[in-house]
Amino acid sequence: MPPTDADAAVDPASTPFSSRDSPTNPRDPGASTDNEETLDLRLTGELLTLYEAATTPRATATHSAGAVPSADAMPSVGRFPSAGAGAGAGAGATPTPMSTVTEDLLDHIATWAPVSTPAGAFHLAPVCIDRDIPLISRWMNDPAVAEFWELAGPPDVTAKHVRTQLDGDGRSVPCLGVLDGIPMSYWEIYRADLDPLARHYPARPHDTGIHLLIGGAPDRGRGVGGALIRAVSDLVLGNRRSCARVVAEPDLRNTPSISAFLTAGFRFSAEADLPAKRAALMIRERALRHAL
């Protein structure tokens, strides 16, 4: 599929940059069209240890005192604090050394440092249910978002979807995208190789998938989506040394989303027949990271 202009001939208020595959995301089993769930395999601690040992060389920790604060350390209202602020008891708190943090399936997203983008300073903040559900639910009830995410309704609908991920084994992490201190997008970073999506394409160990939506209409249709997708895929490749590819599967009908992924350095790999949609399989490879 040739690249297209993400800002051309699209009503930004009616069509969001969003990428989401309902059946391959953690959600209520009864809501899926074929009961195919992200969290259909429970991995014990022992199995996780064996899996990581078999597929991942232990990397030296590279994070420092500038780590992004945990979701629970952020305020419940107003602007989000700078991602370089220390988490915990206050401004003088000492971040937990990486050597004391247990390995997880997505390499501690809460510690990923902020990045500079053409749109501003950006970082991912793992979702806190009590703080973030009203905002995310409002976005899910935007008709343009609801068309692809299918999570319109009262806040409990969104809360159930998010809680399924938070209560799982860590293979999918829901996050707010915070731009210049303002939460303005929703992201799900997930292990595509451990997801039902892997049944529909030739997955490789540690493939990492992303779903997203841009929350407000003013941030749509002006190149923000492509800039942030590139930033998040760079964050994945920069922090997950074992990951060679970032993947996404937007609905083929969502041409602004596909255009944004192409702008962000992804290539169109194939069309995929997923249980609830026909998707465009988009891939960004580490080997081509600086070429595209």
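The values are calculated or read from the model by the stated rules, or taken from the named source; none is laboratory data. Owing to the predicted nature of the structure, the values given are computational and were not obtained by experimental measurement. Positions of Cβ are backbone-derived with ideal geometry, glycine not excepted, and every protein chain shown enters the neighbour counts.
Output the number of the condition that Leu197 fails; it satisfies all remaining conditions of (1) surrounded by fewer than 18 Cβ atoms within 10 Å (Cβ to Cβ); (2) farther than 16 Å from Pro134 by Cβ.
(1)
Could you identify the single residue in Val232, Val236, Val247 that is assigned to a strand (DSSP E or B), out of contact with any Lys or Arg (no Cβ under 7 Å at 6 or more places or on another chain) and crowded, with 22+ Cβ neighbours inside 10 Å?
Testing whether each residue is assigned to a strand (DSSP E or B), out of contact with any Lys or Arg (no Cβ under 7 Å at 6 or more places or on another chain) and crowded, with 22+ Cβ neighbours inside 10 Å leaves just Val247.
Of all residues in region 173-201 being assigned to a helix (DSSP H, G or I) and in contact with a helix residue (DSSP H, G or I) (Cβ under 7 Å, 6 or more places away or on another chain), which is farthest from Ala144 (Cα to Cα)?
My answer is Ala198.
For region 161-182, what are the residues that are under 22 Å from Pro250 (Cα atoms) and of a type outside the set (Val, Ile, Thr)?
Answer for region 161-182, where residues must be under 22 Å from Pro250 (Cα atoms) and of a type outside the set (Val, Ile, Thr): His161, Gln165, Arg171, Ser172, Pro174, Cys175, Leu176, Gly177.
In this structure, is Thr263 touching a Pro at 6+ places or on another chain (Cβ under 9 Å), β-branched (Val, Ile, Thr) and surrounded by fewer than 21 Cβ atoms within 10 Å (Cβ to Cβ)?
Yes.
For region 165-193, give me the residue count where each residue is of a type in the set (S, T, N, Q) and over 20 Å from Arg138 (Cβ atoms).
Residues flagged as of a type in the set (S, T, N, Q) and over 20 Å from Arg138 (Cβ atoms) within region 165-193 amount to 1.
In region 250-260, which residues are surrounded by 21 or more Cβ atoms within 10 Å (Cβ to Cβ) and either among the polar types (S, T, N, Q) or part of a helix (DSSP H, G or I) (or both)?
Asn254, Pro256, Ser257, Ile258, Ser259, Ala260
Could you tell me which residue of region 96-113 is modelled with the lowest pLDDT, considering only residues that are surrounded by fewer than 18 Cβ atoms within 10 Å (Cβ to Cβ) and in a loop (DSSP other than H, G, I, E, B)?
Ranking the qualifying residues of region 96-113, first place goes to Thr96.
Just one of (1) among the charged types (D, E, K, R); (2) assigned to a loop (DSSP other than H, G, I, E, B); (3) crowded, with 16+ Cβ neighbours inside 10 Å trips up Arg204, so point out which.
Every listed condition holds for Arg204 apart from (3).
When region 261-285 is examined, which residues are found to be outside any strand (DSSP E or B) and modelled with pLDDT under 95?
Of everything in region 261-285, those that are outside any strand (DSSP E or B) and modelled with pLDDT under 95 turn out to be Pro275, Ala276.
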